[in-house]
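Step one of this worksheet: look at the structure below.
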Amino acid sequence: MGIKLAVINKMKTLFEKNTERFVLKLQAPPDNIKLFIDLAPVAETAPVPAITREEVLSVIESGLRITAIDTTVLDDVIKYVNRGEAVTERRIKKGREPETGTDGKIVFLVKKFTGKGEMHEDANGRVALSNLHLFDNVRNGQVVARLYPPKAGRDGEDVFGKCIPSKPGAAIKAKVDATLRIEEPASAAENYQRVVALCDGYITEDSGTLQVHDELHVKGDVDFHYGNIDFIGKVSVSGDVHPGFGVTAVKGVVIRGGIQESRLRCTEGDIEIKGFAFGGKNSMIVGGQGVIGTVMHEITAEVVGNIVVQKEAIDCTFRTQSSVLMPSARLIGGKVMCVCGLEAKEIGNEAGQNTLVTLANSVEVGTEYCQLLVQIANHDQAIKLIELHLGPYAYNTARVQLLSLNHRSRMEALLHKRKELEESRLRLLAKKVSMLESGKWNALQRVSFHKALFPGVRIVSGEHVFAPKEIIPGPATIEFDQETQAFVTGDLRPIECNLTTKPNNSGHTQILKGDEHAK
């Protein structure tokens, strides 16, 4: 009741008329958006003759210039009045409310980082919980968002046909820091401003301000909360990288905890692991620069720059186009392939654990070359297996024609298969020579150690192998002499990189049977 009285008190009378047959009053709210009628008979009995619509409209038009009255409602009002009843506050016309314009808005063209990821199904409807879409990588110069201006509203109209102005939408108040720039529309066809990134990274919004970060800080572990990370900048992890997860970055990777059965990849920066690094068969570290570790166990690393170990490397596989530097650390077991050389505190151990060090060129340390060697070895094995089935017909093919039809067909099929394998093997060997010729060589091939070099260690340069029969105390350096084509033991000397495109005389370009580093 209180609400109804409040509405009544706000009503204003526009027109009032007493005739011999009825009393008429027209009211409206302050904005004239609606028109209400009060109509009552003069006497308590029904008027005779009955009041007509035309009669009421004539009285209304005598006081107000108004059209388009809702005659259906008016007829209903007149019906009650003709019964002797009074009618109040019946709406006989309604104007049009003004419509406020649409507010300006920002539309992101990339996913900004909020800490919440998205899971996507593959073609088979499966979801990988390790792949969470946390953010989109943003490149310098990329348009990351659009700012649309507010839209004008729609004017209203009161019951007299007078315009009721609408309110425009609110403008978007976008704030950006120095990592972003707001650009005006490039042409008249564009009705929006563009937000352009001024550096590589990911987008965040902090207290209403948009910004691009070039370093991703993972507060905790890389696990199901973050999923696999693939970032265009630098990644810093305060915790561990859990098994099955990986980190890929462009500018650098720093793991302040440890890793276990993880994959790390960085194209332009270093990879640093401060905690214990355990690899396993499903792990891999690939770097466009170097790798720095404290304790590494069964780690497979392929990098362009130096591999630096501070305490110990056990059963690792290192491939580098530069050096392996661990003057305060022990190298026990595993395989090292390096171009510039190796320096360690100790190499091998008293138990004589097999430890292979290959002084190679820049091509030999790459995965592609190693895969090529495996393909050649597989071809050799397949050819030997076919020749085993051929028996004496492997080298005396003329006798095949003397065999029965079924036996001859089988032998001819095996001979044809051997021919295909031999031709394919020759192509692979040619590719091997071509790859080696394009590689870079180091003029000084050295393996230096500060404390000891143990039996079980093999140092390989081309066809030449150095394998000590007893412990060689340090500090000392094993160097391959290019003139004598032999390994020479001398005083401790530093590892130096002096790369050239001309191969040395160590025999790397020859086609070897069973390359040591391919095993």
| field | Magnitude of the charge dipole, region 368-437, Cβ model with Lys/Arg +1 and Asp/Glu -1, debye to 20 | value | 240
| request: Grab the beta carbon distance between residue 162 and residue 139, set R0 = 51 Å, and tell me the FRET efficiency rounded to 0.05. | output: 0.40
| task | May I have the count of lysine pairs in region 297-450 with C-alpha atoms under 24 Å apart, counting pairs 8 or more residues apart or located on different chains? | result | 15
| Ranked list, fewest to most other Cβ atoms within 10 Å of each Cβ, for 358, 267 | 267, 358
| message | So if each residue of separation counts as 0.36 nm, and I subtract the Cα-Cα distance between residue 100 and residue 402, what length gain in nm does that give? | response | 98.8 nm
| query | Once both labels are modelled 7 Å past Cα along the beta-carbon direction, what's the residue 12-residue 90 spacing in nm? | reply | 2.6
| said: Along the Cα→Cβ direction, 7 angstrom out, place labels at residue 178 and residue 53. What is the inter-label distance in nm? | reply: 7.5
| field | Exposure proxy order (Cβ contacts within 10 Å, fewest to most) of 337, 11 | value | 11, 337
| message | Run the numbers for residue 73 and residue 154: contour at 0.36 nm per residue of separation, minus the present Cα-Cα distance, in nm. | response | 26.4 nm
| In the chain, which helices (entire DSSP H runs) extend 18 Å or more along their own long axis, judged by Cα positions, while averaging at least -1.0 on the Kyte-Doolittle scale? | 367-390, 405-437
| field | Equivalent ellipsoid semi-axes, region 371-424, via Cα gyration tensor eigenvalues times 5, rooted, Å | value | 25, 9, 8
| Count of lysine pairs in region 97-213 with Cα separation under 20 Å (8 or more residues apart, or interchain) | 10
| message | Given points 7 Å out from each Cα along the Cα-Cβ axis, report the residue 107 to residue 378 separation in nanometres with one decimal. | response | 5.0
| Out of [x] 24.7; [y] 28.8; [z] 48.0, which label holds the value of mean projected area of the Cα convex hull in nm² that was computed here? | [z]
| message | If you wrap a convex hull around the alpha carbons of region 2-94, what volume per residue comes out, as a whole number of Å³? | response | 98
| task | On a C-alpha basis, how far is the centre of region 124-187 from the centre of region 44-61 in Å? Whole number, if you could? | result | 57
| Given the C-alpha centroids of region 94-118 and region 437-492, what is the distance between them in whole angstrom? | 69
| request: Just tell me which aspartates and glutamates come within less than 19 Å, Cα to Cα, of residue 10; anything on the same chain fewer than 8 places away is out. | output: 31, 38, 89, 97, 158
| task | Work out, step by step, the length gained on full extension between residue 419 and residue 209: first 0.36 nm times the residue separation, then minus their alpha carbon distance; give nm to one decimal. | result | 68.7 nm
| Among all stretches of the chain without exposed GluC sites (Glu not before Pro) (DSSP loop, at most 15 other Cβ atoms within 10 Å), which one is longest? | 351-462
| note | Rounded to 0.05, the calculated FRET efficiency for the beta carbons of residue 470 and residue 371 at R₀ = 35 Å is 0.45
| Among 35, 192, 264 the positive-end extreme of the charge dipole of the chain (Cβ point charges) | 35
| request: With a/c under 1.5 counting as rounded, go ahead and sort region 279-414 into rounded, prolate or oblate using the C-alpha gyration tensor (a ≥ b ≥ c being the square roots of the eigenvalues; past the cut-off, prolate if a/b is larger than b/c, else oblate). | output: prolate
| note | Correct response: the longest run of the chain lacking exposed chymotrypsin sites (Phe, Trp or Tyr not before Pro), defined by DSSP loop and at most 14 other Cβ within 10 Å, is 1-223
| So which trypsin sites (Lys or Arg not before Pro) in region 234-322 are both in a DSSP loop and have at most 16 other Cβ atoms within 10 Å of their Cβ? | 256, 281
| said: Let's see if you can work this out: charge +1 on each Lys and Arg Cβ, -1 on each Asp and Glu Cβ, no other charges. What is the dipole magnitude of the chain about its Cα centre, in debye to the nearest 20? | reply: 700
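Quick note: the coordinates plus some simple rules give every number you see, no bench work behind them. Values in this document were obtained by computation on a predicted structure and should not be read as measured data. For neighbour counting, all protein chains shown are included, and Cβ atoms are generated from backbone atoms with ideal geometry for every residue, glycine included.
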